[in-house]
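Notes follow the structure.
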Amino acid sequence: MSKKRDRLQIIYDILSVIKEKNGKIKPTNVLYRSNLSNQMFIEYMNELLQKGFIVENKTKKGKTYSLMQKGFDYVNKYQMIIDFSSSFGLSE
Amino acid sequence: MDYVIVPHWFIGYNSILEMMFFVITSLVGAYALRIYKLSGQRQSKLFGISFLLISAAYLIQSILNFAASYSMAEGCSMRSMTAVHSLSNFGIYVHMILFITGLVTLAYMTLKIKNIKAYALFLAAILAVLLLSSNKLYFFYALSSILLIYISFYYLRNYLKNKKMSALIVFAAFLSLLFGKIHFIFSIDHGAFYVAGHLLELVAYVLIMINLINVVRK
């Protein structure tokens, strides 16, 4: 598997976790379910926030994350790539 | 060169079917290249190129068959009939080269290796066999069938690995395409096989189209 694909897969995994519990997921849950090191997790989350894929919500109980339209689009497109690739045998 | 026997009633329908195959393979090829643009996945690029080559082969075949049926229906002069015949011969060569190159590219994609020299050698060997054979049309269908046997096995393994309905549809499509090509081998002697070959190809491409629609609609 190529480096680029690994990165795309990680982003998909993070966004999918947030999508599942949209607006209610805490950073620790995302970190746990995305299976990344703390350092890597911070880098990816900062990038996703900067690029407008996700948004941070501050509540009394702490921080939560939810997806922006760009994030939803990414998840849908990535799912489409997976479906096309698996059915036509294109997975590397 | 040998020719296939086309039943009289089927003339015209063959051209329409080939135009349909052109549209479907173009759509799949273009979609695969879009996936490549989004993912950078090399397999998608090869898959897209192979389908676009096959689509170009069908476009040429459809135009040629239309020109032949038109010249027969209009009762053209001997001179224009000869021109259509010469053009037809040239077109058949182009169709065969494009189709075989498409299948070789698809087979190369399934090997999942990154070696352009191996691809060039593979393609050159197959094209040499095709172009140097005395019975080109027969060899074209035979070589296509051999490549499709290999590709069908690949898609069978893909289905057994994924166990998804979409993978089963694609396997069934390539199996149908294989049986279609086998029927074309016999169409050199019997017209009914030519019709059966086209109908099996229609089943194959409709299945591929169904799979593409399912992926896009999600």
In region B:98-144, what count of residues is obtained for those that are surrounded by fewer than 19 Cβ atoms within 10 Å (Cβ to Cβ) and more than 20 Å from residue A:88 (Cβ to Cβ)? 21
Taking only region B:179-204 into account, find how many residues are under 18 Å from residue A:87 (Cβ atoms) and more than 14 Å from chain A (Cβ to nearest Cβ). 1
Which ones in region B:160-188 are under 16 Å from residue B:141 (Cβ atoms), modelled with pLDDT under 95 and of a type in the set (Ser, Thr, Tyr)? B:187
Can you find a residue in region B:161-177 that is over 25 Å from residue B:135 (Cα atoms), out of contact with any Pro (no Cβ under 9 Å at 6 or more places or on another chain) and of a type in the set (Ser, Thr, Tyr)? yes
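For every residue, the table says whether it meets (1) more than 12 Å from residue B:17 (Cα to Cα); (2) over 13 Å from the mean Cα position of the chain (by Cα).
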| site | (1), (2) |
| --- | --- |
| B:179 | yes, no |
| B:188 | yes, yes |
| B:197 | no, no |
| B:202 | no, no |
| B:205 | no, no |
| B:209 | yes, yes |
Of all residues in region A:1-24 being more than 14 Å from chain B (Cβ to nearest Cβ) and modelled with pLDDT under 85, the one that is surrounded by the most Cβ atoms within 10 Å (Cβ to Cβ): A:21
So, in region A:42-92, of the ones that are more than 10 Å from every other protein chain (Cβ to nearest Cβ) and in a loop (DSSP other than H, G, I, E, B), which residue ends up surrounded by the fewest Cβ atoms within 10 Å (Cβ to Cβ)? A:60
Those residues of region B:18-41 which are away from chain A (no Cβ under 14 Å) and surrounded by fewer than 21 Cβ atoms within 10 Å (Cβ to Cβ), in sequence order: B:19, B:20, B:23, B:26
Filter result for residue A:30 (touching a residue at least 60 places away in the same chain (Cβ under 8 Å), in contact with a strand residue (DSSP E or B) (Cβ under 8 Å, 6 or more places away or on another chain) and either more than 14 Å from chain B (Cβ to nearest Cβ) or in a helix (DSSP H, G or I) (or both)): no
Residue that is nearest to the other protein chains (Cβ to nearest Cβ), among those in region B:42-72 that are touching a residue at least 60 places away in the same chain (Cβ under 8 Å) and of a type in the set (A, V, I, L, M, F, W, C): B:47
Candidates A:24, A:19, A:58, filtered to the one that is over 17 Å from residue B:38 (Cβ atoms) and in contact with a Ser or Thr (Cβ under 7 Å, 6 or more places away or on another chain): A:24
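The values are calculated or read from the model by the stated rules, or taken from the named source; none is laboratory data. Bear in mind the structure is a predicted one, so any value in this text is a computation, not a measurement. No Cβ is skipped: glycine too gets one built from the backbone with ideal geometry, and neighbour counts run over all protein chains shown.
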